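**Q** Okay, here's the structure, questions in a sec.
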Amino acid sequence: MNNPIRKELAESARTFVIKIGTNVLSDEKQALDPSRIAALAEQVNEIRARGKRCVLVSSGSIGAGMRLLGLKERPKDLPHLQAAAATGQAHLIGLYDQAFQKHGYRAAQLLLTANDFRNRSRYLNVRNTLHTLFEYGCVPIINENDTVSVNEIATPFPTAMRSDIELPHSVRQTPTHAGTKFSDNDQLAAMVTNLLDAPLLIILSVIEGLFDGDPRDQNSKLISNVEDWDDNLFNCVGSSRSSGGTGGMHSKLTAIKKAVSVGENVILANGEDNHVLMKILNGENVGTAFLGRGKFMPAWKRWIGFTINPRGSFVVDDGARRAIVEAGKSLLPIGVREIRGVFDVGEVVSIKTADGAEFARGLSNYNSDHAHQLIGQRSEEIRTKTGTLPFLEVIHRDNLVMLD
Ligand SMILES: Nc1ncnc2c1ncn2[C@@H]1O[C@H](COP(=O)(O)OP(=O)(O)O)[C@@H](O)[C@H]1O
Ligand SMILES: N[C@@H](CCC(=O)OP(=O)(O)O)C(=O)O
């Protein structure tokens, strides 16, 4: 049955972030099921045909690796889990790539860790890569980089992180996430969601949605809509989880809370239904929908625009100001007259007019030293002189926020 709220959730989303649990991808022999992957690719194709972008956060590498290595049981120690993940990932991505090629495009693999979202320049690189993959029409497929990510997601402040950097709310960790769990794509999916514009996070598991009690209990009922997040929802969740997964419903709720508390919408639904994404796209009342709280701006924009103090500024000429404000363009080196302050790659920098009025902010592709060498010049000039220019823009439009 169609529902106006569900319709609005699907229609207002520009990017579908689809998290697929291990068990959704496994057949009854616990091997990866190519027909499930084909059904996902079919649905992703339909979603894209309606003008939306898709990012997949897919588990399944450990399960696939166990099968390929002939392991009867899931390893209990980290090196063997990591080896299974490394072996299975190649197979997993190959299946996705084959399935997407039938529709005329390629799968692109991104193996990420929580640190990639905490470190400024890595955060910027993830965003840039995702946007460029969208430009090429590829489907980004993300999994946790299990070889290096042990405990990262569970560690509130990894050593690589500078304590003076204020993080986007979406990636700040609270003690409730602490623990020593290995690999958790539910959390990773929430982090990915929070860095995209107008996302809808869809978590596909092997259950219809969130039940108000143990789903094995016949008296438990499916919760269809959660309009306002309430921590008491954690009380609905028992310790049970499906056999191959690592997340469990508690982890899903933690991830969902992370997304809804910065205003993003989430739908938890059953990925064993090969039409579930179509139903969501058409606004049908499947699974459990969690509505984002008090949304007025995407999390990443809020972070760039309001949360942290800019480290420096680009003073631009009037042509650049008009290109940004009126034509929605990126900031190119040619339009920058002056650089103030010292900043690193990926830091938030103000964009100001010559009289000092700040009208925009964004993430700089260059540090202040490198930017000094580029400003006032045309891209071709810079290329000829230096032989290289990794980014045409000092701030890309996708990483820029207008201040009203
Ligand atoms: N209140 C609840 N509502 C729904 N599922 C629940 C609840 N409490 C526990 N669960 C369990 O959580 C499982 C989903 O978690 P998990 O096995 O980690 O899935 P995945 O592999 O998709 O990440 C369900 O199959 C169900 O057994
Ligand atoms: N990186 C691991 C995913 C671990 C994980 O979060 O699994 P799941 O609970 O099934 O989503 C893998 O690919 O097997």
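**Q** Would you mind counting up the charge near I37? Only other residues with Cβ under 12 Å from its Cβ, with Lys and Arg at +1 and Asp and Glu at -1.
**A** Working: positive: R36, K102; negative: D27, D33, E42, D97.
Net of charged neighbours comes to -2.
**Q** Roughly speaking, what is the stretch gain from N219 to E73, that is 0.36 nm per residue apart minus the C-alpha to C-alpha distance, in nm to one decimal?
**A** In short, 49.2 nm is gained.
**Q** Let me ask something else about it. Hey, could you pull the Cα Rg and Dmax for segment 310-402, both in Å?
**A** 11.8, 35
**Q** For C138, tell me the accessible area in Å² from a 1.4 Å probe, rounded to the nearest 10.
**A** Number for this one is 30 Å².
**Q** Would you mind calculating the gained length between R322 and A198 on full extension (0.36 nm times residue separation, minus the Cα-Cα distance), in nm to one decimal?
**A** 42.1 nm
**Q** To continue, here is another question. If I build a Gaussian network model for the chain, linking alpha-carbon pairs within less than 10 angstrom, which residue out of R36, R127, R322 has the largest mean-square fluctuation?
**A** R322
**Q** Could I ask something else about it? Express the relative contact order of segment 310-404 as a whole percentage, based on alpha carbon pairs under 8 Å and six or more residues apart in sequence. Write out the running numbers ahead of the final one.
**A** Numbers: 198 pairs, mean separation 31.7, N = 95.
For segment 310-404, the relative contact order is 33 percent.
**Q** Counting DSSP beta bridges with both partners in the chain, what percentage is antiparallel, nearest 5? Could you put the intermediate results ahead of the total?
**A** Numbers: 20 of 52 bridges.
Around 40 percent antiparallel, to the nearest 5.
**Q** Same structure, new question: Tell me the carbon and sulfur percent of the accessible area for the chain, rounded to whole percent, probe radius 1.4 Å. Let's see the in-between values first.
**A** Values: 8800 of 17750 Å².
Of all accessible area on the chain, carbon and sulfur atoms account for 50 percent.
**Q** Give me, ordered by chain and number, the residues 5 or more places off Q109 or on other chains with an amide H under 5 Å from its own placed amide H.
**A** The answer is I141.
**Q** Considering only protein heavy atoms, what per residue accessible area in square angstrom results for the chain with a 1.4 angstrom probe?
**A** Each residue of the chain exposes 44 Å² on average to a 1.4 Å probe.
**Q** Further, regarding this structure: Which whole-number percentage describes the relative contact order of segment 1-61, with Cα contacts under 8 Å and a sequence gap of 6 or more?
**A** Value for segment 1-61: 50 percent.
**Q** Still on this structure, please answer the following. With a ≥ b ≥ c taken as the square roots of the eigenvalues of the C-alpha gyration tensor of segment 1-45, please select rounded if a/c is under 1.5 and otherwise prolate if a/b is larger than b/c or oblate if it is not?
**A** prolate
**Q** A further question follows. In percent, how large is the relative contact order of the chain, given Cα pairs closer than 8 Å and 6 or more residues apart?
**A** 16
**Q** Kirkwood Rh over alpha-carbon pairs of segment 90-140, then Stokes-Einstein at 10 °C and 1.306 mPa s: what D in µm² s⁻¹, rounded to an integer?
**A** 134
**Q** Measuring from a point 7 Å past the Cα of R106 along Cα-to-C-beta, which residues in segment 130-151 have an amide N at less than 16 Å?
**A** The answer is 130-142, whose backbone nitrogens lie closer than 16 Å to the label point.
**Q** So if I average 1/r over every pair of distinct C-alpha atoms in the chain and take the inverse, what Kirkwood radius in Å does that give? Don't skip to the answer; put the middle values down first.
**A** On the way: mean 1/r = 0.0449 Å⁻¹.
Hydrodynamic radius (Kirkwood, Cα pairs) of the chain is 22.3 Å.
**Q** Further, regarding this structure: State the dimensionless ratio Rg/Rh of segment 1-97 (Rg: radius of gyration of Cα atoms; Rh: Kirkwood radius).
**A** For segment 1-97, the value is 1.09.
The values are calculated or read from the model by the stated rules, or taken from the named source; none is laboratory data. Just so it is clear, the model here is predicted, and its values are computed rather than measured. Neighbour counts are summed over all protein chains in view; Cβ atoms, including those assigned to glycine, are modelled from backbone coordinates with ideal geometry. When the accessible area is computed, the model is the full protein with side chains, heavy atoms only, and any ligands, DNA or RNA have been set aside. Shrake-Rupley method; radii C 1.70, N 1.55, O 1.52, S 1.80 Å.
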